[in-house]
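The values are calculated or read from the model by the stated rules, or taken from the named source; none is laboratory data. Source: prediction; values computed, not measured. So basically every Cβ, Gly included, is an ideal-geometry build from the backbone, and we count neighbours across all protein chains shown. Please note that ligands, DNA and RNA were not included when accessible areas were found on the heavy atoms of the full protein model with its side chains. Shrake-Rupley method; radii C 1.70, N 1.55, O 1.52, S 1.80 Å.
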Amino acid sequence: QVQLVESGGGLAQAGDSLRLSCAASGRTFSSYCAAWFRQAPGKEREFVAAIHYGGGIVNYADSVKGRFTISRDNAKNQVYLQMNSLKPEDTAVYYCAAGSNGLSRRISIYDYWGQGTQVTVSS
């Protein structure tokens, strides 16, 4: 019903900035809450940030608070993750997710997932 495609990943150095984009297609994206998760090699997927369908309510993991900003443009059916002051520990595959059950940090409530974009941060 909703297809998500991430882009914007790549190689960065510590302290650099990077912006990830998630393009949605299919059913209208504006009715869905959206989130970013990430998964490093050998680790479980973890919550990064979430945003309400209206864009006014956001939530961040403590590890990225103050450095990352989630936003969305419903007219363009896109959600973004602005990443500043990148650290090597931010290295992971970043996934965009969407769900209709409300804003949450839990993986289980999101119905749709992209295939991820790799972010690698070197020191």
Next item on the list: All but one of (1) in contact with a Cys (Cβ under 7 Å, 6 or more places away or on another chain); (2) open to solvent by 30 Å² or more (accessible area, probe 1.4 Å); (3) modelled with pLDDT of 95 or more hold for A50, so report the exception by its number.
Entry: (2)
Checklist line | Where V64 falls short, out of the listed (1) open to solvent by less than 20 Å² (accessible area, probe 1.4 Å); (2) outside any loop (DSSP other than H, G, I, E, B); (3) at pLDDT 95 or above; (4) not aromatic (F, W, Y) | finding: (2)
Note to self: Being modelled with pLDDT of 95 or more, open to solvent by 50 Å² or more (accessible area, probe 1.4 Å) and touching a strand residue (DSSP E or B) at 6+ places or on another chain (Cβ under 6 Å) is the filter here; which residues of region 15-33 pass it?
What the structure shows: R19
Margin query: Against the conditions (1) more than 14 Å from the chain's Cα centre (by Cα); (2) assigned to a loop (DSSP other than H, G, I, E, B); (3) of a type outside the set (A, V, I, L, M), where does E89 fall short? Just the number, please.
Written below: (2)
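Name the single residue, out of those in region 111-123 being assigned to a loop (DSSP other than H, G, I, E, B) and in contact with a Phe, Trp or Tyr (Cβ under 9 Å, 6 or more places away or on another chain), that is surrounded by the fewest Cβ atoms within 10 Å (Cβ to Cβ).
Per the criteria, the residue is Q115.
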Next item on the list: Tell me, please, whether a residue that is outside any loop (DSSP other than H, G, I, E, B) and either crowded, with 20+ Cβ neighbours inside 10 Å or at pLDDT 95 or above (or both) can be found in region 99-110.
Entry: yes
Checklist line | Conditions (1) of a type in the set (K, R); (2) open to solvent by less than 60 Å² (accessible area, probe 1.4 Å); (3) assigned to a loop (DSSP other than H, G, I, E, B): number failed by K43 | finding: (2)
Item checked: Tabulated pairs, region 98-123, first closer than 18 Å to V58 by Cα, second open to solvent by 20 Å² or more (accessible area, probe 1.4 Å) and assigned to a strand (DSSP E or B), C-beta under 6 angstrom, 6+ apart or interchain -> A98/Y112; R105/F47
